[in-house]
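The values are calculated or read from the model by the stated rules, or taken from the named source; none is laboratory data. A quick note: this is a predicted structure, and the numbers were derived from the prediction, not measured. Note: ideal-geometry Cβ built from the backbone for every residue, glycine included; neighbour counts use all protein chains shown. To get the accessible areas, we keep the full protein, side chains included, count just its heavy atoms, and leave off ligands, DNA and RNA. Shrake-Rupley method; radii C 1.70, N 1.55, O 1.52, S 1.80 Å.
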Amino acid sequence: MSRSRLLPAVFGALLAAAAHPALAQVTPIAITAAHAGGGTTYSVPVQTLIFLTALGFLPALLLLTTAFTRIVIVLSLLRMALGTQTAPPNQVLIGLALFLTFFVMGPTFDRVYDTAYVPFREQKMSFEQAAQAAALPMKDFMIKHTRPDDLALFVRMARMDKEAAAAKNLTDLPIRVVIPAFATSELKTAFQIGFMIFIPFLVIDMVVSSVLMSMGMMMLSPVLVSTPIKLMLFVLANGWDLLIGSLVASFGN
């Protein structure tokens, strides 16, 4: 995805959250014109104010509606498995997770850009219409990577079983149900991947501890010996390429 489309794509993700009625409400004083169909048009300054206010929701949207959650958790668990407390530092992990998220979400952000941001910029859509158009690609991505049991759980807790049964498409479900279901599913997947990452490093720790015990070197911390061994094996096995490639492939884009 080109850099010129990056910021508009993020803007479109913000519009997806505004599609929810609770977030799309504005005061009647902002009405500039009323349409025959019952719709309203809001002035550009008010739309700008709404957009700037919505920027405060950007961290939450980035965490809970994109691939960021799974990626950053897996990278953090990798650091714990390696036994390096501060290497790579948090800034590096978050930066890497952020750009991997943009890479994974590229096709979705392109759809948001083409179907919502461009018509809104050219004044072919109102803010509400652009928000609804932007919500569809984001919902498609989230539902595609949400476990059915997690989605059913939140549908049941929202007491929307009849609405879900009558819906022709899962994208008809409200975003207040889709987002927490997606976030819960991503947490499960991230911990499953983290478990698989921990296994080989745990074996190395056990072997090093056993060897040190058999040599009578009980005063020597096993971490001092196992950490460089784990780092060497991880680098020799081309671990970064394997991990990042597996993470990206897990989204099936």
What is the distance, in nm, between label points placed 7 Å from the Cα along the Cα-to-Cβ direction at V46 and at V211? 7.1
Can you compute the modelled spin-label distance between R156 and L63, with each label point 7 Å from Cα toward Cβ, in nm? 2.7
Simple spin-label estimate for L202 and Q85 in nanometres, 7 Å along Cα-Cβ: 2.3
Indicate the gyration tensor shape class of the stretch 67-121 (rounded, prolate or oblate), computed on the Cα atoms with a ≥ b ≥ c the square roots of the eigenvalues: a/c under 1.5 is rounded; otherwise a/b larger than b/c is prolate and the rest oblate. prolate
In terms of the charge dipole of the stretch 53-176, which places +1 on Lys and Arg and -1 on Asp and Glu at the beta carbon, the residue among L61, A130, A87 farthest towards the positive end is A87
Mind jotting down the distance between the C-alpha centroids of the stretch 67-142 and the stretch 209-229, whole Å? 42
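Calculate what fraction, in whole %, of the accessible area of the stretch 46-125 sits on carbon and sulfur atoms when a 1.4 Å probe is rolled over the protein chains.
Carbon and sulfur atoms account for 71 percent of the accessible area of the stretch 46-125.
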I need the shape label for the stretch 113-253. Rule: rounded when a/c is under 1.5, else prolate if a/b > b/c, else oblate, with a, b, c from the alpha carbon gyration tensor. prolate
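Using 0.36 nm per residue of separation minus the Cα-Cα distance, give me the extension gain between L242 and F102 in nm, one decimal.
Values: separation 140, 0.36 × 140 = 50.40 nm, distance 1.90 nm.
Extending this stretch completely gives an extra 48.5 nm.
Could you give the accessible area per residue of the stretch 46-164, probe 1.4 Å, as a whole number in Å²?
Values: 6120 Å² over 119 residues.
About 51 Å² of surface per residue is accessible.
For the full complex of protein chains and a 1.4 angstrom probe, list V72, V92, V112 by accessible area with the highest value first.
Largest accessible area first, the residues go V92, V72, V112.
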